[in-house]
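Report on the following structure.
The values are calculated or read from the model by the stated rules, or taken from the named source; none is laboratory data. A quick note: this is a predicted structure, and the numbers were derived from the prediction, not measured. Note: ideal-geometry Cβ built from the backbone for every residue, glycine included; neighbour counts use all protein chains shown.
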Amino acid sequence: MANLNENLLSSLAFTRSVGIPLDDNVTFNDATTVGRYPLTQNIRKIVRIQLFASEAVPMAVIAGLRVTYLMNGAPLPPVLHGLETPHVVCDIQMPANQLLVGASGKVKESPNQAINGRISFIVFTVYENDTGLTIVRGPFGSTEYVTPKSAWGCYGPIIAFQGTVAPKLGLTSLGFAKPTQGLPGMGILGA
């Protein structure tokens, strides 16, 4: 099978991050820091996603994200954004025939300011190249204190994550890097 993302990462688009802006937030953008975009793009695809909750469900928010990227043929050691807690709510591995093509979820709408506006849960959509199946994984996290107006989503091939982290709170917002053109062959992944 040809490289899934060959010749397509020369141009990326970045989505708006969902979550809350805080004064002490530190931004991250894996397409630039890990993949070295726009000088080059070393990220081929996401191969593993782990999410960590702030505490046990139902009051949890997503506090940490650990991502493993395939880098020009070899996996990179995992990159952690936010807090690694004992509450692992998601551990998805994507073999060579799978690509992350969607992420959606909701943010908290709570009177508790410590969790209000934080990412409550996430659903991932994975495309399987050899079967053409779309696999929905999740929801991961808590559905407490969410309303229809707090929903968000990003669809189409997702190459990398971006967002913000606050030192004591962990992950406070999340966005995505996407190719600006379709993937070669088969409309999405390439042959």
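One table, with the values for the structure above:
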| read-out | value |
| --- | --- |
| Count of the range 27-47 residues which are free of Cβ contacts under 8 Å to residues at least 40 places away in the same chain and charged (D, E, K, R) | 1 |
| Single residue of Gly64, Gly35 found to be touching a strand residue (DSSP E or B) at 6+ places or on another chain (Cβ under 7 Å), of a type outside the set (Ser, Thr, Tyr) and within 16 Å of Phe176 (Cβ to Cβ) | Gly35 |
| Cβ pairs under 7 Å, 6+ apart, first in the range 62-78 and in contact (Cβ under 8 Å) with a residue 12 or more places away in the chain, second among the polar types (S, T, N, Q) and assigned to a strand (DSSP E or B) | Arg66/Gln50; Pro75/Thr68; Leu76/Thr68; Pro78/Thr68 |
| Residue selected from the range 121-154 under the condition aromatic (Phe, Trp, Tyr), part of a strand (DSSP E or B) and at pLDDT below 90, by the criterion nearest to Val61 (Cα to Cα) | Phe121 |
